[in-house]
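To start, the structure itself, in structure tokens.
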Amino acid sequence: MKYINAAEVLPDYLITEIQKHISGEVIYIPAGEERTKWGEKNGSRQYFENRNRRIKLHYKKGYTIEEIAVEFGLAYETIRKIVYKPL
């Protein structure tokens, strides 16, 4: 993250107002646009949603949690959480 001197980009009246609340400290101003959720940019969210859907389908077809854990390479407790988590 690049730091910018406020005096270079903000009007004097705004700097004076900010100094009433915080002076001589570093302040972070977040971007104005909405943030994307975890995994939306690189496709991870979609991958895990699809994987979890397949796990639930296996369970509905009668596979045991142990069998699903072996097939997907996940811990028993992880599969159990996925299976019992509501949609």
Some residue of the stretch 10-31 being among the charged types (D, E, K, R), more than 26 Å from the chain's Cα centre (by Cα) and surrounded by 10 or more Cβ atoms within 10 Å (Cβ to Cβ): yes
Single match in 61, 81 (criterion: under 21 Å from the mean Cα position of the chain (by Cα), among the basic types (Lys, Arg) and over 30 Å from residue 5 (Cα atoms)): 81
Helices (runs of 4 or more DSSP H) fully within the chain counting 3 or more residues that are of a type in the set (Ser, Thr, Tyr): 44-60, 76-84
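Here, each number is a calculation from the coordinates, and none is a lab measurement. None of these values were measured; they are calculated from a predicted model. All Cβ positions, glycine included, derive from the backbone under ideal geometry; neighbour counts span all protein chains shown.
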